[in-house]
Amino acid sequence: NLTDRLEGVFKKLRGHGRLTEENIQEAMGEVRKALLEADVNFGVVKEFIAAVADKAIGREVLTSLSPGQQVVKIVHDELVALLGSQAEPLKLDGRQPVTIMLAGLQGSGKTTTAAKLARLLKEKGRAPLLVPADVYRPAAIEQLQVLGGQVGVPVFASTAEQKPVEIARQAFTAASTGPYDTVIFDTAGRLHVDDELMVELREISQAVPLSEILFVADAMTGQDAVTVAEKFNADLEITGVILTKMEGDARGGAALSVKKVTGKPIKFVGVGESVDALEVFHPDRTASRILGMGDVLSLIEKAEAVVDQKSAEQLAKKIQKNAFTLEDFLDQIQQIKKMGSLEQIMGMIPGINKLKQIKDAPQPDQKELIKTEAIIRSMTLKERRNHRIINARRRVRIAEGSGTSVAEVNRVLKSYTMMLKMMKTMKGKGIMTGGKRRKL
Ligand code: GDP
Ligand code: MG
C-alpha cells in the first residue's frame with residue numbers, strides 16, 4: 001500500500017526537517033504509480049501530481065505523523081477537494097415534475113440505474129415515472145418494464161416504433177397531468193461516441209425541460225472514461241455523473257478522471273446489479289480507495305486513538321462468525337467512550353463501511369454509554385455470552401444491580417440485537433465478505 005511505500009522513501013527523514021523538493025519528487029513517483037494503478041487518466045495524473053508537489057514542498061514534518069503518512073494525507077486531501085468535497089444531491093426543488101435524463105454509452109448501466117434511481121426517489125416519498133426512450137436496442141423497453149416492476153414504479157408505455165423525442169414529449173405531458181412528480185428518461189446508448197446519438201439526446205433536451213442530465217459511466221472503463229465524458233459534457237451540458245460498477249475491482253480512478261474533465265459533480269455510484277445497489281457518492285471514501293488504502297487515513301488522523309487495527313480485525317472476524325456477544329458489545333462501548341463514535345470504529349473495519357448508511361444505526365451519547373456499560377456489567381458471564389437467556393426475572397435483577405430500570409435494560413438489549421441484525425444483513429449482502437478491497 002501507498003503508505004508503506006512512502007515510508008520507504010522517507011525513512012531517512014523521520015522526525016526532523018521539512019519535506020524537501022527531492023524527497024517529495026521521489027514520493028510523487030509512488031503516488032503517480034498508485035493513481036495509474038487505480039486507472040486514473042494519464043493526463044489527469046500528471047496535472048494532479050504537479051499540483052500536489054507544490055503544496056507539499058516546504059511543509060514541516062509533523063511529529064505526530066511520519067513523513068510518509070503526511071504526504072498521503074496531503075495527497076488524500078487534494079483528491080477529496082478535486083472529487084468535490086461532499087456529496088451533491090439531485091435537484092429536486094423548483095419546477096415540477098422534476099425531469100432526469102440518463103445518457104451514456106451502451107452497457108454503461110443507464111437502464112439499471114434508471115430503476116435504481118426510481119427506487120431511491122420513491123423511498124424518499126416521491127412519485128416517479130420511468131420512461132423508456134431507447135428504441136434501438138432489442139428488448140430495451142421490456143428491460144425497463146421488468147425493472148420498473150421490481151421497484152414498483154410505473155413505466156411509461158412507449159413503443160419501439162416511436163421516435164425518442166416523441167416519447168419524451170408524450171411522457172412529460174403525461175407526467176405533468178398525472179400523479180407524478182419525477183420523470184426519469186432512460187435513453188439509448190452506442191458502443192462508441194456517436195454524433196447521431198448526440199443529436200437525438202439534444203433533441204430530447206430541447207423538447208422537454210430537463211432538471212438533470214446525468215452522464216452514466218462504467219467505472220471499469222478506466223482510461224477511456226475521459227474522452228467519452230468530455231464528449232457528452234461538451235455536447236449535452238450534463239449536470240452530473242453517475243459511476244456504475246464501482247464495486248468489485250474498480251479502484252475508482254474513473255471518478256477522478258471524469259470529475260476533472262467535466263467539472264460536474266458525481267452524484268451516485270452503482271455498486272451492483274440489483275436495484276438497491278446505488279449509493280450517494282462520497283469523495284473521501286473514493287479518495288481512500290483510489291490510493292488503495294481503505295480507511296487507513298482515519299486511523300492516521302487518530303494517531304493517538306486507542307482502537308488499533310487488531311481489535312478492529314478481531315471484531316470483523318467475530319461478526320463474520322456470528323459470534324458477536326454482549327461482551328464484545330461492552331468492549332466496543334469502551335472503545336467508543338475513548339474515541340467518539342460507533343460510526344468511527346465501524347468505519348475502520350474493512351468492508352463494514354456500509355453500516356454508516358443504515359438509517360437506524362445506534363447513535364450513542366456518553367451518558368447512555370455509561371449506563372449501557374453498567375447494565376452489561378451487571379449481567380453474568382453466561383448472560384453476556386447468550387442474550388437469549390435474559391428473561392424478565394433476570395432483567396429485574398440486572399436493572400437493580402446497575403441502578404437502572406427494566407426499560408433501560410430492555411433498551412440496551414434491543415440496540416444489541418439491532419446491531420446483530422444489521423451485521424447479519426450486511427453479511428447476507430456480501431458486504432462483509434466483499435471486504436477484500438478495503439485494506440487496512
Ligand atoms: P445500458 O445499456 O446503459 O442501459 O446498461 P444496462 O443498464 O443494461 O446495464 C448493462 C449491464 O451492466 C447489465 O448487466 C447490468 O446489470 C450491469 N450493471 C449496471 N450497473 C451496475 C453496477 O453498478 N454494478 C454491476 N456489477 N453491474 C451493473
Ligand atoms: Mg439500456
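A short reminder: the numbers here are calculations on the coordinates, not readings from a lab. These numbers come from a predicted model, not from an experiment. Because the Cβ atoms are built from the backbone with ideal geometry, glycine has one as well, and the counts that use them run over all protein chains shown.
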Average Cα contact separation per residue, region 98-281, under 8 Å, 6 or more apart, as relative contact order %: 27 percent
Positive minus negative residues near T325 (Lys, Arg vs Asp, Glu; Cβ under 12 Å): +2
Shape of region 15-145, Cα gyration tensor, a/c cut at 1.5: prolate
Pair M418, E230: separation of 7 Å Cα→Cβ label points (nm): 5.0 nm
10 Å beta-carbon shell around M101, net charge (K/R +1, D/E -1): -1
Local electrostatic count, S158, Cβ distance below 12 Å [Lys/Arg +1, Asp/Glu -1]: -3
